[in-house]
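Q: Mind looking over this structure? Questions follow.
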Amino acid sequence: LCFPAAEAAPEQQFRDRLQAYAGHFWLMFDGETLISFVDGMVTDQPDLTDDLYENAALHSETGAWQMIFGVNTLPAYRKRGYASALIQRFIEDARAQNRRGVVLTCKQALLPFYSSFGFLDEGVTDQSTHGNAVWHQMRLTFERK
């Protein structure tokens, strides 16, 4: 419901992801209904490549970079700040886990949204052709203490 069919992860990929890194899913419910979630794996690889989406075994709990694979909100619940709240928590948790930062890919129309959290656009990536779409890689690098 949240992505075009060519870009949506199939059910088995979600099952594999949950088995490999359930602690990297941030969920929001309205009663019993899952209305929004953000998910992604952790890796030492600095760029988000298509193989990371497809192979949950590439997750490394001690990795430097927290990837965001999807920001999902049911259409009836959009424009209420739910995804923003989850992204903010996602960033806070990655910082608390001493990651180097957070990496995501998005379409051009969402660049301003993710920039509002401090992500910088690294341009169109040649590392991902997921769903045959054009993706910009964005990165939020944390200051090291």
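Q: Could you tell me the relative contact order of the chain? Use alpha-carbon pairs under 8 Å, at least six residues apart, and round to a whole percent.
A: On the way: 239 pairs, mean separation 32.6, N = 145.
Once normalised by length, the contact order is 23 percent.
Q: Residues in the range 86-129 near a label at R144, defined as backbone nitrogen under 14 Å from the 7 Å Cα→Cβ point?
A: 98-101
Q: Let me ask something else about it. Working out 0.36 nm times the residue gap between E122 and N98, then minus their Cα-Cα distance, what length gain in nm do you get to one decimal? Provide the component values of the computation, followed by the final result.
A: Details: separation 24, 0.36 × 24 = 8.64 nm, distance 2.22 nm.
Length gained between E122 and N98: 6.4 nm.
Q: For a distance above 19 Å, tell me the whole-number percent of Cα pairs in the range 46-123 that qualify.
A: Tail fraction, whole percent: 41.
Q: Next question, about the same structure. Averaged over all directions, how much area does the convex hull of the C-alpha atoms of the range 78-145 cover when projected, in nm²?
A: For the Cα atoms of the range 78-145, the hull's average projected area reads 5.2 nm².
Q: Quick check on the chain: what are the equivalent-ellipsoid semi-axes from the Cα gyration tensor, as sqrt(5λ), descending, whole Å? Don't jump to the answer; show the numbers that get you there.
A: Details: eigenvalues 82, 62, 60 Å².
Whole-Å semi-axes of the equivalent ellipsoid: 20, 18, 17.
Q: Right, another one. Each residue of the range 137-142 in turn: what ³J(HN,Hα) in whole Hz from Karplus with 6.51, -1.76, 1.60 and θ = phi - 60°, glycine and Pro shown as x?
A: Using θ = phi - 60°, the values come out as 8, 10, 9, 10, 9, 8 Hz.
No lab work stands behind these numbers, since they all come straight from the coordinates. The model shown is predicted, which means the values in this text are computed figures rather than measured ones. Reconstructed Cβ throughout: ideal geometry from the backbone, glycine too, with neighbour counts over all protein chains shown.
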